[in-house]
Amino acid sequence: MDTLQERLGEENYQKLIKIDNPKLNKFIATYIELCNPDKIFICTDSREDLQYVRQESIKAGEEEELAVEGHTVHFDGYHDQARDKDNSKYLLPPGVDLGPNINAMDREEGLKEINPIMKDIMQGHQLFVRFFCLGPLNSQFSIPAVQLTDSGYVAHSEDLLYRQGYEEFVRLGQSARFLKFVHSAGELDERNTSKNIEKRRVYIDLEDETVFSLNTQYGGNTIGLKKLAMRPAINRASKEGWLTEHMFIMGVVGPSERVTYFTGAFPSLCGKTSTSMLPGESIVGDDIAYLRNVDGTIHAVNPENGMFGIIQGVNSVDDPMIWKALHSPGEVIFSNVLVTEEKGLHWIGKDAKEPEKGLNYSGEWTPGKKDENGNILSSSHPNARFTLDLKLLGNVDPKLSDPDGVLVGGIIYGGRDSDTKVPVEESFDWVHGVVTMGAALESETTAATLGKEGVRKINPMSNLDFLSIPIGRYIESHLDFGAKLNNPPSIYCVNYFLKDAEGNYTNDIADKAVWLKWMELRSHHEVEAIETPTGSIPKYEDLNRLFREVLSKDYPKENYINQFSVRITENLAKIERIQEFYKTKVADTPQILFKVLEEQKQRLIAAQDKYGDYISPL
C-alpha cells in the first residue's frame, strides 16, 4: 500500500482504495514496480475519467480525430496487423496438457521469459488502470476484469466494447473473482506504433487467470477482454458447468411480433456478422456468448457491449445498419483504413471511388504502391477494423444488458461448404447436433485469405483458436450441459455456399433471411419437417410461402430440389474426415461422438442402397 500511495498520488490512491480488495492492490502494485510507468491514472466510471482517456490517446498520437464528430483513426505497426498465433501461448503448470492442437509452454519458463521483457517496459508511458465487467452488471453471468495498459488507444477501445466496471468492483469488494490483463505497447517508433515486434508476446496464465500482451498494439492481441478473455473464461466455464462460446446472439422476429433468440457460431468469412445483422431482426452480440442453465433452460448474454468489426466489404447495400453508424456522429475508432486529406475514410469494398492518395498503415499511399517484396499494397489493410458501442446501431436489442440474459430458442452452426451440406437443417436431438453440427463443423478456406481455395478445416464449434481445455473435454462439456436441461433447444446448421454442378451458388445472399424465419417457426413447433439421414429439412410448401412473405419472390421447386437433395457420397466422405480427425488428433474424444457418427453413416448407406447417391427431398 505504501508503494501504491507513493506511485499513484493522493487522488488516484483514493480512487483505488475505495475498492476493498487486497488481491487487486497486490496485482496492481506488482506490475507498477515491474513495468515502471512514468505516470499512472486510475479510471473510474465517471464521464470525466473516460473523456480523459480518449483525449490522452489523441494527445499521445495513438489516435487522430477525423472529419465526422466523435470519429478517430488509429494505425497499428506495419507488421502488427493481426493476431499473433505463433507467440500466443498458454502457460501451464507441470502435469497439465491441453493436447497437440493448442499452443502451450511450461508456466515457469514462460514467466522467466516475459518478466525481463516487462522490466521497465512502460518507462516514458502513462499506465491506465481500467475496470470492466464482462456481461451485464450485477448478474450471475458477470465476470469482473482489470486491465493495465500503457496504450490510450487500447483503453479507449475497451470503453466502447465493454461495460464500465469500477462501481462493480466497489460493490463486490473482496468477493470479486476477477480476470487480470497486463498490456504494454512497448517502445514506440516515429509513428507511435510498437517497435520491438520480435519481442511480441501474448501469454495466458490459466492458473492465475492473467493475460500478458507485450510489444503489440493490434486490438486482437491487446484488447484483453475480447478473444484473450475467452481463454480463461472457457476454462472457468468448463469447471463450473456453463459455456463460453464464439457465437453471436440475435433476436428473430416471428408471427405477432414474437422475438426468438438464437446463438450462432461461424468460422471467418462464413456469414456470421451478416446473419447477426440481418435487417428487420435485432442484435444482442456479434461475437461472443456466455451460456448458462437457468431453471433448466439456456440463457445467454453478450459479455461485450460493442463491436470490433472487420470493415473490409462494408457497404451501404449489404450493411445498412453498420454503414449508417460509420457515417454518423458518435464515438467510432477506425483502425488501419485509408485517411484522405479531408480527414475522410476509404476501405476495401466501400461503395465509393478509391482516392488517388491518402495515409494508411504503410504511410503515404498512392494506387500501385508496393511493399518490400514487390506486392501491391491495398488502400486499407484487409484486416482493417471499426470499434463502436452497439448502442450506435439502430437494430440493437433492448435486452442487451438484461442481467438475466435472453432465453435461447435455437443454436446455429454455419460453415463454408460447396458440395455437401444443405442450406438449413435441424438436428434430431441435442447430442446429434453437438456431434454432427458442432464438433463436426468444418469450413473451406478461401483463396483471398490463405492462397489455396477449398481446403477443409475442422473447427469444433468455431472455437478451436480459443480453446483453453482439451478438445475432447470441450465437447464433453457441451454434452453434459445439454443433459441437465429440461428441454434443450434445437440445434441447426446452415450453409450459404452450396454450389451446383457448374460451380454456381445455389443460394442468393438474401436467402439466409428465409432460413432464419424457418428456424424460428421450427423452434416453436409451428411447421413440420422432412427427416433425412442427416437431420430434418424444411418442406417445400413452407419455404415457398416464406420466400413470398420475407423476400417477395418466387421459390421454384427446381431450386428446392437442387438445394435440399441429400448428397450421399459427399456426406459419407465428410464423416470419414471427421472420424479421422478425432481418432488421430484428439486423444480424449468422447466415445459417443464415434457412435453418433457411425449411426449417421449407416443411415446414409441404407438410404444410398434404396435411392442412390443423390436423393431428392421429395
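The values are calculated or read from the model by the stated rules, or taken from the named source; none is laboratory data. The model shown is predicted, which means the values in this text are computed figures rather than measured ones. Every residue, glycine as well, gets a Cβ built from its backbone with ideal geometry; the counts of neighbours run over all protein chains shown. Accessible surface is based on the protein model in full, side chains and every heavy atom, while ligands, DNA and RNA are left aside. Shrake-Rupley method; radii C 1.70, N 1.55, O 1.52, S 1.80 Å.
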Distance in Å, no decimals, from the C-alpha centre of segment 218-241 to the one of segment 55-74 is 28 Å
With bins of 5 Å, the percent of all Cα-Cα pairs of segment 181-225 per bin from 0 is 6, 25, 31, 20, 11, 5, 2, 0
The alpha-carbon pair-distance distribution computed for the chain, with 20 angstrom bins and whole-percent values, is 19, 53, 26, 2, 0
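State whether segment 418-507 is rounded, prolate or oblate according to the following rule on the C-alpha gyration tensor (a ≥ b ≥ c being the square roots of its eigenvalues): a/c under 1.5 gives rounded; otherwise a/b larger than b/c gives prolate, and the remaining case gives oblate.
Details: a/c = 3.66, a/b = 1.51, b/c = 2.42.
Oblate shape, in that a/c is at least 1.5 and b/c is the bigger or equal ratio.
With contacts defined as alpha carbon pairs under 8 Å and 6 or more residues apart, what's the relative contact order of segment 306-424 in percent? Please list the in-between numbers first.
Details: 155 pairs, mean separation 37.7, N = 119.
Averaging sequence separation for qualifying contacts and normalising by length gives 32 percent for segment 306-424.
Going by a ≥ b ≥ c, the root eigenvalues of the Cα gyration tensor, does segment 406-564 fall in the rounded group (a/c under 1.5), the prolate group (a/b larger than b/c) or the oblate group?
Values: a/c = 2.19, a/b = 1.17, b/c = 1.87.
It is oblate, given that a/c is not under 1.5 and a/b is not larger than b/c.
Determine the relative contact order of segment 359-511: mean sequence separation of Cα pairs under 8 Å and six or more apart, normalised by residue count, in whole percent. Write out the running numbers ahead of the final one.
Details: 185 pairs, mean separation 41.5, N = 153.
Once normalised by length, the contact order is 27 percent.
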For segment 566-583, in residue order, the Karplus 3J(HN,Hα) values (coefficients 6.51, -1.76, 1.60; θ = phi - 60°; whole Hz; Gly and Pro = x) are 7, 9, 4, 4, 5, 5, 5, 5, 4, 4, 4, 5, 5, 4, 4, 4, 6, 6
To the nearest Å², the heavy-atom accessible area per residue of segment 1-67 with 1.4 Å probe amounts to 54 Å²
Filtering GluC sites (Glu not before Pro) in segment 327-423 by DSSP loop and by at most 12 other Cβ atoms within 10 Å leaves Glu341, Glu342, Glu356, Glu372
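For segment 503-618, which whole-number percentage of the solvent-accessible area (1.4 Å probe, protein heavy atoms only) is attributable to carbon and sulfur atoms? Please report the intermediate quantities before stating the final value.
On the way: 2890 of 5860 Å².
That share works out to 49 percent.
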With the 1.4 Å probe rolled over protein heavy atoms, segment 258-397 has an accessible area per residue in Å² of 39 Å²
Checked segment 1-97 with the C-alpha gyration tensor, a ≥ b ≥ c its square-rooted eigenvalues, rounded below a/c of 1.5, otherwise prolate if a/b is larger than b/c and oblate if not; verdict oblate
Scattering profile of segment 191-340 from the Debye formula, Cα beads only, expressed as log10 I(q)/I(0) at q = 0.21 Å⁻¹, is -1.41
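Around Ala67, what is the net charge, scoring Lys/Arg as +1 and Asp/Glu as -1 over all other residues with Cβ under 13 Å from its Cβ?
Details: positive: Lys343; negative: Glu64, Glu65, Glu69, Glu341, Glu342.
Result for the local shell: -4.
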Applied in sequence order to segment 592-602, the curve 6.51 cos²θ - 1.76 cosθ + 1.60 (Karplus, θ = phi - 60°) yields integer Hz couplings, x standing for Gly and Pro, of 5, 4, 5, 5, 5, 5, 5, 4, 5, 4, 5
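Give me the percent of the accessible area of segment 417-500 that comes from carbon and sulfur atoms, probe 1.4 Å, all protein chains in place. Mind dumping the intermediate values first?
Details: 1320 of 2780 Å².
Answer for segment 417-500: carbon and sulfur cover 47 percent of the accessible area.
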The correct pair for segment 50-98, radius of gyration to one decimal and Dmax as a whole number, both in Å and from Cα atoms, is 18.1, 55
Of 93-103, 41-51, ordering from highest average Cβ density within 10 Å down gives 41-51, 93-103
Here P(r) for segment 18-64, Cα-Cα distances in 5 Å bins, as whole percents, is 5, 16, 19, 20, 23, 12, 4, 1
Per-residue accessible area, 1.4 Å probe, largest first, puts His74, His125, His524 in the order His524, His125, His74
log10 I(q)/I(0) for segment 341-494, Debye formula on C-alpha points only (no solvent), q = 0.10, 0.11, 0.18 Å⁻¹, two decimals, reads -0.63, -0.73, -1.16
With the 8 Å Cα cutoff and a minimum separation of six or more residues, segment 504-607 has a relative contact order in percent of 26 percent
To the nearest 10 degrees, the tilt of helix 47-59 (Cα long axis) against the first principal axis of the alpha carbons of the chain is 80 degrees
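If I take all pairs of Cα atoms in segment 155-249, what percentage of them are more than 21 Å from each other? Please report the intermediate quantities before stating the final value.
Details: 1899 of 4465 pairs.
Considering segment 155-249, 43 percent of its Cα-Cα pairs are separated by more than 21 Å.
Of all DSSP beta bridges located in the chain, what percent are antiparallel, nearest 5?
Numbers: 66 of 102 bridges.
DSSP beta bridges in the chain are roughly 65 percent antiparallel.
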For Asp295, the accessible surface traced by a 1.4 Å probe with all protein chains present amounts, in square angstrom to the nearest 10, to 140 Å²
In degrees, nearest 10, the alpha-carbon axis of helix 471-483 is tilted away from the dominant principal axis of the alpha carbons of the chain by 70 degrees
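Can you tell me the convex hull volume per residue for segment 54-179, based on C-alpha atoms, in Å³ to the nearest whole number? Each step should come with its number before you reach the end.
Working: hull volume 23.3 nm³, N = 126.
Given the Cα convex hull of segment 54-179, per-residue volume reads 185 Å³.
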Residue-normalised value, i.e. accessible area per residue, for segment 567-618 at 1.4 Å probe, in Å², stands at 56 Å²
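Leaving ligands, DNA and RNA out of it, report the carbon-plus-sulfur percent of the accessible area of segment 324-380 at a 1.4 Å probe.
Values: 1460 of 2950 Å².
Carbon and sulfur together cover 49 percent of it.
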Helix 22-35 sits off the longest principal axis of the Cα atoms of the chain, rounded to the nearest 10 on a 0 to 90 degree scale, by 70 degrees
In whole Å, largest first, the alpha carbons of segment 486-581 cover along the principal axes 46, 43, 20
